[in-house]
Amino acid sequence: NYRVVATISKLGYSVQRETQFSIGEDMGLAVSWNKVYYLSGETATVVFQPVLNGAVASVTSVGYLIQLEGRVLAQANTTTLSASVTLPSDRTGTLICMAFTQINGEIVQNGASADVVFAEIGLTPVADTYRPGDTIEFAWSIITSLTAANLSYEIVDDKGVRVESGTLEFAKTGTFDYDVPEASPLISQWYSATIWMSTGADVGQDSATVN
């Protein structure tokens, strides 16, 4: 606390006023993951930055707790201002880190979250257009740490009628196709394909359309 005394003098008289004020410190703890989302089985890294009055503060250590959908993955203290965990390959959901530290005798805390998904699935048509009698082909790509999963697909026409469907052998890249009829009225103005990847607990999909 600071005490300020002001004295005003005029014509032999004086008046004195007194007030007190305090200067607070702006402190906090920034917590951030190095990616917006992760694939199951990946290594995730969280970074801690203690801040005091707008500048990076020096602290002895940071305590942290990392959980994925209720499962504790790590709980410790770090002096390096970062921590890494290997995510389980059988769990997805919200990854949460809660952290705390001490700055000038005060406890500060914060947290951060990120999504964990089991795969990234992409589906694209090999050609953008088709003609009667053509074979239209769709290519898929999957980024995942899994080595096995169920794959299935379907193709529908512009009336929503399923014209092709089936299961696929698991692979991270591949194609499936459909033979377009040679004459109307069986020719559709467009065809839309969807691929699904499932493990029992998790399901992912992507779609693509060709005109």
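Values as computed for the structure displayed
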quantity	calculated
Net charge over other residues, Cβ less than 13 angstrom from the Cβ of residue 205 (K, R count +1; D, E count -1)	-4
The stretch 101-149: mean projected area of Cα convex hull, nm²	7.2 nm²
Residue-normalised accessible area of the stretch 45-198, expressed per residue, 1.4 Å probe, Å²	55 Å²
Loop GluC sites (Glu not before Pro), the stretch 127-170 (other Cβ atoms within 10 Å of the site Cβ: 10 or fewer; DSSP)	169
Solution diffusion estimate, µm²/s, Stokes-Einstein, the stretch 93-177, Kirkwood Rh from C-alpha pairs, 10 °C, viscosity 1.306 mPa s	93 µm²/s
Farthest positive-ward along the stretch 60-175 dipole, Cα basis, beta-carbon charges - from 124, 65, 103	103
Positive-end extreme of charge dipole, the stretch 87-211 - chosen from 176, 198, 94 (charges on Cβ)	94
Cβ-based net charge around residue 173, under 14 Å, with every Lys or Arg adding one and every Asp or Glu removing one	-3
Whole-Å distance, taken between Cα centres, linking the stretch 150-173 and the stretch 53-110	43 Å
Summed side-chain charge close to residue 92 - residues other than residue 92 whose Cβ falls under 13 Å, Lys, Arg +1, Asp, Glu -1	-4
Cleavage-rule hits (chymotrypsin sites (Phe, Trp or Tyr not before Pro)) in the stretch 119-200: DSSP loop, at most 13 neighbouring Cβ within 10 angstrom	190
Over the chain - Rg/Rh using Cα atoms and the Kirkwood inverse-distance radius	1.37
Rounded percent of accessible protein surface that carbon and sulfur make up, the stretch 80-211, 1.4 Å probe	45 percent
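The values are calculated or read from the model by the stated rules, or taken from the named source; none is laboratory data. Keep in mind the model is a prediction, meaning the values are calculated, not measured. Don't worry about glycine lacking a Cβ; one is built from the backbone with ideal geometry, like all the others, and counts go over all protein chains shown. Note: areas computed on protein heavy atoms with side chains; ligands, DNA, RNA excluded. Shrake-Rupley method; radii C 1.70, N 1.55, O 1.52, S 1.80 Å.
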